[in-house]
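Here the structure is laid out as C-alpha cells; the discussion comes afterwards.
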Amino acid sequence: MTTRTPTIDSQVHAYERNSPERPWQGHLTGPEEVTGDDMVAAMDAVGVDGALLVSPYSMYRYDASYALEVYAKHPGKFGLIRPFDPESDTIEDDMAEWTGTPGVVGARIMLSYGTYTADHPGLNRILAAGGQAGVPINVMSSGHLPLLRELALRNSGTQIVIDHLGIPQPFEPPVPPNPFADLDSVVAMAELDNVVIKISGACTLSHEPFPYPDIWEPLGKIFEAFGLERCMWGTDWTRAINMLNYEQGVESFRVTDSLSDSERATLMGGALSNIYNWSPDVGSQG
C-alpha cells in the first residue's frame, strides 16, 4: 500500500484586522483580514493538506504571536516561520526559544528590507544560529541574490531557502515585461549545496490567464538546475490576491502537463517534508 504524499503550500500568511490590540506596523497587500480559520478553509476547499505559515513581516515585524495563536487552534495544519531582526542583541537566545516552540519549522531573514553586506554580524548570527538549531533559514532575497550567495558561502552548514524564486514579484497587474529577467542569477544559486528554493508566487509572473502556461519554460530551468528535491511549490497567499485566487494558485500546478505525477508530488509536498522535517496531520480537520 502506498501512502499519498501530502500537498503542502510552502508559504501562506494569516493575520487579524488592524486593531489597537494587535496593531499593524505596516501594510501587506491582501484583504483586511485573513484569519487562521479563513486560511484553513481555503486550503481545505482545494485539498491542500498543510502549509508553512509565515508571520507577515509587513504587518507584525518580529512579533509572531498571531501565528502561534493560529497554530494552537490548527496544530495539524501549519508549520511556523517568523522573521528575525538582524539588529537584535539576543539572536541566539531568541532562536533557541523559537526553535524550541511546538510547531516551529524555521526562521526568516528579510534582505529586501534593509541595506546589508555579507559581513553583517546579525545576518551571520541568525544563519549560524539556524544551522546550530538544525532549522532552515528562509531568505527574502529578491534583487539581492549576490548578497545571499556570499552569506550562503559563509554559512555552509545552514540550510538556506530562497523565498519566492528569488525574483521580484508584482503585487498587482501589470506583470513586468520580462518578469524572469534575473533567472540566470537564480539558476546559479543551485551550485550551492546548502541552498534550496521556494517556487512560491510563480503564477504572479505570468502574462497569460490561468493556468499560466508561460511560466513553465523558466521554471523548468530552475527545476533542472536545483533538482525537484530542492524545489517547493507555494502560493504566497495572501500577497498574490490581486493577481489570482487561491484555487488558481493550486490548480495551475495540478493541471499542467509539464510535470509528471511523481514530479508533482515531490514539488507540491514531498521535497518540503524532507527539507523542513515536517508534514501536516493529514487526518486533521483543522
Note to self: When you scan segment 119-134, do you find a residue that is assigned to a strand (DSSP E or B) and in contact (Cβ under 8 Å) with a residue 40 or more places away in the chain, even just one?
What the structure shows: no
Check: Out of (1) more than 17 Å from His13 (Cβ to Cβ); (2) part of a loop (DSSP other than H, G, I, E, B); (3) open to solvent by 50 Å² or more (accessible area, probe 1.4 Å), the odd one out for Val175 is which?
Finding: (3)
Notebook entry, point to check: among the basic types (Lys, Arg) and either modelled with pLDDT under 95 or within 30 Å of Asp44 (Cβ to Cβ) (or both) - does that describe any residue in segment 120-132?
Noted result: no
Item checked: Hits in segment 114-138 - residues which are open to solvent by 50 Å² or more (accessible area, probe 1.4 Å) and in contact with a Ser or Thr (Cβ under 9 Å, 6 or more places away or on another chain) -> Arg125, Ala128, Gln132, Gly134
Next item on the list: Kindly indicate whether any position in segment 140-148 is over 27 Å from Leu228 (Cβ atoms) and either in contact with a Lys or Arg (Cβ under 6 Å, 6 or more places away or on another chain) or modelled with pLDDT of 95 or more (or both).
Entry: no
Next item on the list: Answer yes if at least one residue in segment 240-247 is surrounded by 22 or more Cβ atoms within 10 Å (Cβ to Cβ), of a type in the set (A, V, I, L, M, F, W, C) and farther than 21 Å from Leu28 by Cβ, and no otherwise.
Entry: no
Check: Out of curiosity, is Ser141 open to solvent by less than 10 Å² (accessible area, probe 1.4 Å), of a type in the set (Ser, Thr, Tyr) and within 17 Å of the chain's Cα centre (by Cα)?
Finding: yes
Check: For segment 178-190, does any single residue satisfy the condition of being in contact (Cβ under 8 Å) with a residue 12 or more places away in the chain, closer than 23 Å to Gly134 by Cα, within 20 Å of the chain's Cα centre (by Cα) and not in a loop (DSSP other than H, G, I, E, B)?
Finding: yes
Item checked: Candidate set from segment 274-286 (those that are open to solvent by 20 Å² or more (accessible area, probe 1.4 Å) and among the hydroxyl-bearing types (Ser, Thr, Tyr)); member that is modelled with the highest pLDDT -> Ser279
Next item on the list: Scan segment 31-45 for residues that are open to solvent by less than 20 Å² (accessible area, probe 1.4 Å) and not in a strand (DSSP E or B) and jot them down.
Entry: Gly36, Met39, Val40, Met43
Next item on the list: Check whether at least one residue in segment 160-169 is surrounded by fewer than 20 Cβ atoms within 10 Å (Cβ to Cβ) and closer than 24 Å to His27 by Cβ, and report yes or no.
Entry: yes
Check: Does Tyr212 count as among the aromatic types (Phe, Trp, Tyr) and farther than 23 Å from Pro6 by Cβ?
Finding: yes
Next item on the list: Please work out if Asp182 is surrounded by 16 or more Cβ atoms within 10 Å (Cβ to Cβ) and either of a type in the set (Ser, Thr, Tyr) or over 24 Å from Val250 (Cα atoms) (or both).
Entry: yes
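The values are calculated or read from the model by the stated rules, or taken from the named source; none is laboratory data. For clarity, every value in this text was computed on a predicted model and none was experimentally measured. A quick note on method: Cβ atoms are made from the backbone with ideal geometry, for glycine too, and the neighbour counts reach across all protein chains shown. Heavy atoms of the whole protein, side chains included, go into the accessibility calculation; ligands, DNA and RNA do not. Shrake-Rupley method; radii C 1.70, N 1.55, O 1.52, S 1.80 Å.
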